[in-house]
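The next block holds one structure in the form of structure tokens; read it before the comments.
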Amino acid sequence: MARARKVEIGTARALALSAFWSHGYQSLGVRKLEELTGINRFMLQTEFGGKQGLFLEIIDSYISQWDENYLIQIRAGNIDQIVHFFNLRASNATAPEANNGCLMINTLCEGQVEDSEIKDRVFKFMRLMRRSLRLALCNERSQGSLKKSVDIDEASEMLANALIGMNVTIKLHGKNEAAQAAAKQLCKTVLSWRKKS
């Protein structure tokens with residue numbers, strides 16, 4: 001006879017996202033995961049294939065949501081969308097749930113993540129971020145408004161690395177506003193790449 005579930009699957013995923021985001025993959029033991037989510041060991045194994053399976057499912061969903069909610073707009077836009085994105089990232093009003101930084105960047109910063117499937121997803125996320133920033137700069141160049149001196153590959157790499165730094169700052173301080181000074185300076189820099197009309 002199967003054990004009764006303590007929590008529904010959708011609720012379990014949402015609670016697991018919050019738990020992993022707050023504690024990190026490696027720091028979150030199975031017992032603590034059970035306590036925070038209501039997922040019992042039987043459910044963890046049968047529904048998700050264990051802690052790793054649950055985490056992979058969570059980060060796959062996280063990447064898809066980031067792409068659908070933020071990155072697609074950056075790729076379709078230009079410098080204005082980049083500036084808008086960095087300002088949003090440093091605001092509690094627009095992203096209060098993200099006061100723990102970025103789940104993917106937090107996972108990267110754990111440093112000891114040796115699981116190849118998790119690493120592959122972290123690198124996929126970072127490639128997607130860089131590609132989105134690069135395409136926005138390419139769009140600006142195709143509009144004829146990006147200064148010739150701006151190297152798009154170097155600029156998109158710098159912005160992706162700056163985003164890592166902003167999210168580490170947010171995680172450290174537990175609030176998005178901790179990155180406002182960095183966002184302000186980044187936005188000034190990005191806007192300076194546009195030709196004066």
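The values are calculated or read from the model by the stated rules, or taken from the named source; none is laboratory data. Computed from a predicted structure; not experimentally measured. Please note: Cβ atoms are built from the backbone with ideal geometry, for glycine as well, and neighbour counts cover all protein chains shown. Side chains are part of the model used for accessible areas, which takes the heavy atoms of the whole protein and leaves out ligands, DNA and RNA. Shrake-Rupley method; radii C 1.70, N 1.55, O 1.52, S 1.80 Å.
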Item to check | In Å², nearest 10: area of GLU110 left accessible to a 1.4 Å probe | outcome: 50
Checklist entry - For the chain, with every protein chain kept in place, what is the accessible area per residue (1.4 Å probe, Å²)? => result 52
Checklist entry - Which value, in Å² rounded to 10, gives the accessible area of VAL7 with a 1.4 Å probe and all protein chains present? => result 20
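For every helix of n ≥ 4 consecutive DSSP H residues, a contribution of -39,500 (n - 2.57) applies; sum these over the chain, divide by its total residues, and give [θ] at 222 nm rounded to the nearest 500 deg cm²/dmol.
Helix contribution divided over all residues of the chain: -21500 deg cm²/dmol.
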Checklist entry - What is the Cα coordinate range of the chain on the first, second and third principal axes, sorted by size from largest, in whole angstrom? => result 72, 28, 28
Item to check | Farthest toward positive dipole pole in the chain [+1 Lys/Arg, -1 Asp/Glu at C-beta], among LEU36, ALA182, VAL7 | outcome: ALA182
Next on the checklist: Can you tell me how the stretch 52-124 classifies by the Cα gyration tensor, rounded, prolate or oblate, using a/c under 1.5 as the rounded cut?
Outcome noted: prolate
Checklist outcome for this item: Heads up, the stretch 9-105 by the C-alpha gyration tensor (a ≥ b ≥ c square roots of eigenvalues; a/c under 1.5 rounded, else a/b over b/c prolate, else oblate) looks prolate
Checklist entry - Going by the alpha-carbon gyration tensor, a ≥ b ≥ c the square roots of its eigenvalues, is the stretch 79-181 rounded (a/c under 1.5) or, if a/c is not under 1.5, prolate (a/b greater than b/c) versus oblate? => result oblate
Checklist entry - In sequence order, what are the phi-derived ³J(HN,Hα) couplings for the stretch 114-126 according to the Karplus relation 6.51 cos²θ - 1.76 cosθ + 1.60 with θ = phi - 60°, rounded to whole Hz, with x for glycine and proline? => result 9, 6, 5, 5, 5, 4, 4, 6, 4, 5, 4, 4, 5
Checklist outcome for this item: Given backbone amide H placed at 1.01 Å from N, residues whose amide H is under 5 Å from that of LEU146, ignoring those fewer than 5 places away on the same chain, are ARG141, LYS195
Next on the checklist: Tell me the carbon and sulfur percent of the accessible area for the chain, rounded to whole percent, probe radius 1.4 Å.
Outcome noted: 50
Item to check | Normalised alpha carbon radius of gyration of the stretch 143-197 [divisor 2.2 N^0.38 Å] | outcome: 1.32
